[in-house]
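Take a look at the structure below.
The values are calculated or read from the model by the stated rules, or taken from the named source; none is laboratory data. Model, not experiment: these values are computed from the prediction. Here Cβ is always computed from backbone atoms with ideal geometry, including for glycine, and neighbour counts include all displayed protein chains. When the accessible area is computed, the model is the full protein with side chains, heavy atoms only, and any ligands, DNA or RNA have been set aside. Shrake-Rupley method; radii C 1.70, N 1.55, O 1.52, S 1.80 Å.
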Amino acid sequence: MLIKVDFIASLLFNLRLWSLGRSKRDILILATITKTGTHYIRFLIAYYIKMLDLKSHGKDYKISNDDFIVDEYFSNSWHTSYTFITSLKNSTKKLAIIGLTDFPRSHMPFRRYSWKNMKVLHTYRDLREQAFVSYKMKYECDEKLKSQYSSYEKLYYDFFDENNEQYQTFYAQRQYQSNILRISFHQIYHHSENTLALILQWLGHEPDMELCSLSAELCKSTPSILVGGGEKWHRTNQPNIDYEKLNKFIRDYKHNGALGIFDGNEQ
(Lines give C-alpha, C1' and ligand atoms only; values in the text may rest on other atoms or scores of the structure.)
Protein backbone atom coordinates (compact mmCIF):
# COMPACT_ATOMS: atom_id res chain seq x y z
CA MET A 1 0.00 0.00 0.00
CA LEU A 2 2.83 2.41 0.89
CA ILE A 3 4.52 1.78 -2.47
CA LYS A 4 1.26 2.41 -4.34
CA VAL A 5 0.64 5.64 -2.44
CA ASP A 6 4.24 6.72 -2.98
CA PHE A 7 4.01 5.99 -6.71
CA ILE A 8 0.90 8.16 -7.05
CA ALA A 9 2.50 10.86 -4.91
CA SER A 10 5.58 10.80 -7.14
CA LEU A 11 3.47 11.51 -10.23
CA LEU A 12 1.84 14.49 -8.54
CA PHE A 13 5.19 15.67 -7.23
CA ASN A 14 6.81 15.55 -10.67
CA LEU A 15 3.86 17.41 -12.16
CA ARG A 16 4.05 19.99 -9.40
CA LEU A 17 7.76 20.60 -10.02
CA TRP A 18 7.13 20.85 -13.77
CA SER A 19 4.41 23.47 -13.20
CA LEU A 20 6.82 25.48 -11.02
CA GLY A 21 9.77 25.15 -13.37
CA ARG A 22 11.84 23.44 -10.68
CA SER A 23 14.13 20.45 -10.89
CA LYS A 24 14.59 17.53 -8.52
CA ARG A 25 18.34 18.08 -8.78
CA ASP A 26 18.00 21.44 -7.01
CA ILE A 27 16.12 20.22 -3.94
CA LEU A 28 17.73 18.66 -0.87
CA ILE A 29 15.44 16.71 1.45
CA LEU A 30 16.40 16.42 5.11
CA ALA A 31 14.65 13.19 6.01
CA THR A 32 14.68 11.63 9.46
CA ILE A 33 12.81 11.28 12.75
CA THR A 34 12.73 14.12 15.26
CA LYS A 35 15.56 14.98 17.67
CA THR A 36 18.32 13.61 15.45
CA GLY A 37 20.05 16.87 14.52
CA THR A 38 17.76 18.33 11.87
CA HIS A 39 17.79 21.83 13.32
CA TYR A 40 21.53 21.59 13.91
CA ILE A 41 22.09 20.84 10.20
CA ARG A 42 19.72 23.59 9.11
CA PHE A 43 21.42 26.16 11.34
CA LEU A 44 24.86 25.12 10.07
CA ILE A 45 23.80 25.58 6.45
CA ALA A 46 21.86 28.79 7.09
CA TYR A 47 24.81 30.44 8.83
CA TYR A 48 27.17 29.25 6.13
CA ILE A 49 25.22 30.57 3.14
CA LYS A 50 24.49 33.88 4.88
CA MET A 51 28.18 34.46 5.58
CA LEU A 52 29.26 33.22 2.15
CA ASP A 53 26.86 35.67 0.51
CA LEU A 54 28.25 38.55 2.58
CA LYS A 55 31.85 37.49 1.95
CA SER A 56 31.34 37.18 -1.80
CA HIS A 57 30.09 40.79 -1.87
CA GLY A 58 33.04 42.08 0.13
CA LYS A 59 30.95 42.77 3.24
CA ASP A 60 31.60 42.03 6.90
CA TYR A 61 30.65 38.38 7.29
CA LYS A 62 31.38 37.97 11.00
CA ILE A 63 27.74 37.70 12.04
CA SER A 64 26.04 37.04 15.38
CA ASN A 65 23.91 34.01 16.16
CA ASP A 66 20.26 34.26 15.18
CA ASP A 67 17.78 31.92 16.85
CA PHE A 68 15.27 32.33 14.04
CA ILE A 69 17.43 32.19 10.90
CA VAL A 70 16.15 28.73 9.96
CA ASP A 71 12.55 29.91 10.14
CA GLU A 72 13.43 32.81 7.87
CA TYR A 73 15.53 30.84 5.39
CA PHE A 74 13.75 27.48 5.05
CA SER A 75 10.01 27.81 4.55
CA ASN A 76 8.86 24.40 3.37
CA SER A 77 8.47 20.82 4.51
CA TRP A 78 7.84 17.83 2.31
CA HIS A 79 4.55 17.09 4.08
CA THR A 80 2.85 20.46 3.74
CA SER A 81 4.37 22.12 0.69
CA TYR A 82 4.86 19.66 -2.17
CA THR A 83 1.27 18.81 -3.01
CA PHE A 84 -1.28 20.55 -5.20
CA ILE A 85 -3.54 21.39 -2.30
CA THR A 86 -0.98 23.51 -0.48
CA SER A 87 0.95 26.64 -1.27
CA LEU A 88 4.68 26.35 -1.85
CA LYS A 89 6.58 29.17 -0.16
CA ASN A 90 9.90 30.56 -1.29
CA SER A 91 12.90 29.53 0.75
CA THR A 92 15.90 31.85 0.77
CA LYS A 93 17.37 32.61 -2.64
CA LYS A 94 20.81 32.35 -1.01
CA LEU A 95 20.50 28.56 -1.36
CA ALA A 96 21.49 29.07 -5.00
CA ILE A 97 25.02 29.70 -3.72
CA ILE A 98 25.32 25.97 -3.02
CA GLY A 99 23.23 24.90 -6.01
CA LEU A 100 19.83 24.47 -4.33
CA THR A 101 16.39 26.04 -4.54
CA ASP A 102 14.89 24.42 -1.44
CA PHE A 103 15.77 22.42 1.68
CA PRO A 104 12.56 20.82 3.02
CA ARG A 105 12.36 18.45 5.97
CA SER A 106 10.51 15.17 6.03
CA HIS A 107 9.62 12.86 8.92
CA MET A 108 8.68 9.98 6.64
CA PRO A 109 10.16 6.63 5.61
CA PHE A 110 12.28 6.66 2.46
CA ARG A 111 10.10 7.42 -0.58
CA ARG A 112 11.22 5.02 -3.28
CA TYR A 113 9.44 6.73 -6.18
CA SER A 114 8.96 10.32 -5.06
CA TRP A 115 12.65 10.79 -4.18
CA LYS A 116 14.09 8.99 -7.18
CA ASN A 117 17.11 10.93 -8.55
CA MET A 118 16.98 13.36 -5.62
CA LYS A 119 19.47 14.37 -2.94
CA VAL A 120 18.40 13.05 0.47
CA LEU A 121 20.23 13.82 3.71
CA HIS A 122 19.40 11.34 6.47
CA THR A 123 20.42 11.97 10.08
CA TYR A 124 20.14 9.23 12.70
CA ARG A 125 20.65 8.70 16.40
CA ASP A 126 20.53 5.96 19.03
CA LEU A 127 16.78 5.41 19.39
CA ARG A 128 16.84 5.16 23.17
CA GLU A 129 18.67 8.46 23.39
CA GLN A 130 16.32 10.00 20.85
CA ALA A 131 13.38 8.97 23.04
CA PHE A 132 15.08 10.34 26.14
CA VAL A 133 15.66 13.75 24.54
CA SER A 134 12.11 13.81 23.14
CA TYR A 135 10.71 13.04 26.57
CA LYS A 136 12.79 15.64 28.37
CA MET A 137 12.38 18.43 25.83
CA LYS A 138 8.78 17.83 24.85
CA TYR A 139 6.63 15.76 27.18
CA GLU A 140 8.16 16.40 30.59
CA CYS A 141 8.24 20.21 30.36
CA ASP A 142 4.97 20.79 28.49
CA GLU A 143 1.92 21.07 30.75
CA LYS A 144 -0.33 20.00 27.87
CA LEU A 145 1.65 16.81 27.14
CA LYS A 146 3.20 15.70 30.43
CA SER A 147 0.29 13.42 31.31
CA GLN A 148 0.87 11.31 28.18
CA TYR A 149 4.13 9.73 29.38
CA SER A 150 5.50 9.18 32.86
CA SER A 151 8.94 8.06 31.64
CA TYR A 152 11.08 8.08 28.53
CA GLU A 153 11.10 4.26 28.48
CA LYS A 154 7.37 4.18 27.67
CA LEU A 155 7.93 6.69 24.87
CA TYR A 156 10.84 4.61 23.58
CA TYR A 157 8.87 1.36 23.44
CA ASP A 158 5.74 3.00 22.04
CA PHE A 159 7.62 4.44 19.07
CA PHE A 160 10.45 1.93 18.63
CA ASP A 161 8.80 -0.16 15.92
CA GLU A 162 7.72 2.89 13.94
CA ASN A 163 11.07 4.67 14.25
CA ASN A 164 13.13 1.56 13.60
CA GLU A 165 11.05 0.64 10.57
CA GLN A 166 11.62 4.13 9.19
CA TYR A 167 15.37 3.79 9.75
CA GLN A 168 15.40 0.45 7.93
CA THR A 169 13.92 2.02 4.79
CA PHE A 170 17.00 4.23 4.54
CA TYR A 171 19.35 1.25 4.82
CA ALA A 172 17.59 -0.50 1.95
CA GLN A 173 17.38 2.48 -0.42
CA ARG A 174 20.69 1.90 -2.25
CA GLN A 175 19.10 -0.26 -4.89
CA TYR A 176 16.90 2.67 -5.89
CA GLN A 177 18.08 5.64 -7.90
CA SER A 178 18.74 8.17 -5.17
CA ASN A 179 21.67 10.16 -3.90
CA ILE A 180 21.61 9.75 -0.13
CA LEU A 181 24.05 10.86 2.56
CA ARG A 182 23.62 9.41 6.07
CA ILE A 183 25.17 11.23 9.07
CA SER A 184 24.89 10.34 12.75
CA PHE A 185 24.02 12.86 15.44
CA HIS A 186 27.30 11.87 17.11
CA GLN A 187 29.19 13.12 14.05
CA ILE A 188 27.09 16.28 13.75
CA TYR A 189 27.66 17.16 17.40
CA HIS A 190 31.34 16.29 17.79
CA HIS A 191 32.57 17.20 14.29
CA SER A 192 30.13 19.86 13.12
CA GLU A 193 32.71 21.85 11.10
CA ASN A 194 33.80 18.81 9.11
CA THR A 195 30.22 17.56 8.85
CA LEU A 196 29.21 20.80 7.18
CA ALA A 197 32.19 20.59 4.83
CA LEU A 198 31.24 17.00 3.95
CA ILE A 199 27.67 18.01 3.09
CA LEU A 200 28.88 20.88 0.92
CA GLN A 201 31.31 18.63 -0.95
CA TRP A 202 28.56 16.08 -1.45
CA LEU A 203 26.44 18.85 -2.99
CA GLY A 204 29.30 19.68 -5.37
CA HIS A 205 30.35 22.88 -3.59
CA GLU A 206 33.94 23.53 -2.50
CA PRO A 207 33.62 24.41 1.20
CA ASP A 208 35.08 27.57 2.66
CA MET A 209 36.61 26.07 5.80
CA GLU A 210 36.81 29.40 7.60
CA LEU A 211 33.05 29.79 7.22
CA CYS A 212 32.47 26.16 8.19
CA SER A 213 34.36 26.84 11.41
CA LEU A 214 32.45 30.07 12.06
CA SER A 215 29.13 28.32 11.41
CA ALA A 216 30.01 25.62 13.92
CA GLU A 217 30.92 28.24 16.52
CA LEU A 218 27.64 30.08 15.97
CA CYS A 219 25.68 26.87 16.52
CA LYS A 220 27.41 26.30 19.83
CA SER A 221 25.79 29.48 21.15
CA THR A 222 22.33 27.90 20.88
CA PRO A 223 22.35 25.06 23.47
CA SER A 224 18.97 23.55 22.52
CA ILE A 225 20.32 22.85 19.02
CA LEU A 226 23.35 21.09 20.45
CA VAL A 227 21.29 18.49 22.29
CA GLY A 228 19.16 17.78 19.23
CA GLY A 229 16.17 20.00 19.91
CA GLY A 230 15.98 23.55 18.69
CA GLU A 231 12.33 23.73 17.68
CA LYS A 232 10.89 27.21 17.34
CA TRP A 233 8.92 26.91 20.58
CA HIS A 234 12.16 26.18 22.44
CA ARG A 235 13.29 29.64 21.39
CA THR A 236 10.11 31.59 22.17
CA ASN A 237 8.02 32.01 25.29
CA GLN A 238 5.07 29.62 25.42
CA PRO A 239 2.74 29.72 28.47
CA ASN A 240 2.45 25.93 28.72
CA ILE A 241 6.23 25.28 28.84
CA ASP A 242 8.22 24.97 32.06
CA TYR A 243 11.33 26.73 30.78
CA GLU A 244 13.22 26.32 34.04
CA LYS A 245 12.95 22.54 33.70
CA LEU A 246 13.65 22.64 29.96
CA ASN A 247 16.73 24.83 30.28
CA LYS A 248 18.10 22.83 33.20
CA PHE A 249 17.94 19.68 31.09
CA ILE A 250 19.64 21.46 28.17
CA ARG A 251 22.44 22.75 30.43
CA ASP A 252 22.96 19.37 32.09
CA TYR A 253 22.88 17.41 28.86
CA LYS A 254 25.21 19.83 27.12
CA HIS A 255 27.60 19.47 30.06
CA ASN A 256 27.48 15.69 29.58
CA GLY A 257 28.68 16.14 26.00
CA ALA A 258 25.22 15.44 24.50
CA LEU A 259 26.11 11.74 24.46
CA GLY A 260 26.77 11.19 28.12
CA ILE A 261 23.88 8.85 28.84
CA PHE A 262 23.91 6.38 25.98
CA ASP A 263 26.75 5.08 23.87
CA GLY A 264 25.81 6.89 20.65
CA ASN A 265 25.41 3.73 18.59
CA GLU A 266 22.33 2.99 16.51
CA GLN A 267 19.66 0.69 17.86
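Could you work out how much longer the chain between D67 and K254 gets when fully extended? Use 0.36 nm per residue separation minus the Cα distance between them, nm to one decimal.
Extra length from D67 to K254 when fully extended: 65.6 nm.
Note down the magnitude of the dipole of the stretch 6-156 about its Cα centre, charges +1 on Lys and Arg C-beta and -1 on Asp and Glu C-beta and zero elsewhere, to the nearest 20 debye.
Using Cβ point charges on Lys, Arg, Asp and Glu, the stretch 6-156 gives about 480 debye.
Ignoring ligands, DNA and RNA, what accessible area per residue does the chain give at 1.4 Å, in Å²?
About 48 Å² of surface per residue is accessible.
With the full set of protein chains in place, find how many percent of the accessible area of the chain is carbon and sulfur; take the probe as 1.4 Å.
50 percent
Using θ = phi - 60° and the Karplus form 6.51 cos²θ - 1.76 cosθ + 1.60, what ³J(HN,Hα) does each residue of the stretch 4-16 get, whole Hz, x for Gly and Pro?
Each residue's phi maps through the Karplus curve to give 5, 4, 5, 5, 5, 4, 5, 5, 5, 5, 4, 5, 5 Hz.
Using DSSP to call loops (not H, G, I, E or B), can you name the trypsin sites (Lys or Arg not before Pro) in the stretch 130-193 whose Cβ has at most 16 other Cβ atoms within 10 angstrom?
The qualifying sites are K144, K146.
Give, in nm to one decimal, the length gained when the segment between N117 and H57 is fully stretched (0.36 nm per residue of separation minus the Cα-Cα distance).
18.3 nm
Would you kindly give the portion of the calculated P(r) for the chain that falls above 30 Å, as a percent of all Cα pairs?
Every Cα pair in the chain considered, those over 30 Å come to 30 percent.
So for each of 48-58, 122-132 I average, over its residues, the number of other beta carbons within 10 Å; can you give me the resulting order with the highest mean first?
Listed from highest to lowest mean packing, they are 122-132, 48-58.
Treating the beta-carbon of each Lys and Arg as +1 and of each Asp and Glu as -1, no other charges, what is the dipole magnitude of the chain about its Cα centre, to the nearest 20 debye?
780 debye
So what is the orientation-averaged projected area of the stretch 117-182, using the convex hull of its C-alpha atoms, in nm²?
If I average the Cα hull's projected area over directions, I get 5.2 nm².
What are the ³J(HN,Hα) couplings of the stretch 147-160, residue after residue, when phi is run through the Karplus curve with 6.51, -1.76, 1.60 and θ = phi - 60°? Round to Hz, x for glycine and proline.
6, 6, 9, 9, 7, 6, 4, 5, 4, 4, 6, 5, 10, 4
Modelled label-to-label distance, H107 and S87, 7 Å Cα→beta-carbon offset: nm?
Rounded to a tenth, the inter-label distance reads 2.4 nm.
So, by mean Cβ neighbours within 10 angstrom, what's the order for 227-234, 36-43, 88-95, 70-77 with the highest one leading?
Per-residue Cβ counts within 10 Å, averaged per peptide and sorted highest first, yield 36-43, 227-234, 70-77, 88-95.
What distance in nm separates the two pseudo spin-label positions at S221 and N179, each 7 Å out from Cα along the beta-carbon direction?
Taking the simple label geometry, S221 and N179 are separated by 3.3 nm.
Apply the Karplus parameterisation 6.51 cos²θ - 1.76 cosθ + 1.60, with θ equal to phi minus 60°, to every residue of the stretch 242-254 and state each ³J(HN,Hα) to the nearest whole Hz, in sequence, with x for glycine and proline.
Once θ is set to phi - 60°, the couplings for the stretch 242-254 become 8, 6, 5, 5, 4, 5, 5, 4, 4, 4, 5, 6, 4 Hz.
Long-range amide H contacts for I183: which residues qualify at under 5 Å (H placed 1.01 Å from N, peptide plane, sequence gap of 5 or more or a different chain)?
H122, T123, Y124
Using packing as a proxy for protection, rank 220-226, 207-213 so that the peptide with the highest average count of other Cβ atoms within 10 Å comes first.
Packing proxy ranking, top to bottom: 220-226, 207-213.
Going by Cα centres, the stretch 208-237 and the stretch 1-76 are how many Å apart?
Centre-to-centre distance over Cα atoms comes out at 16 Å.
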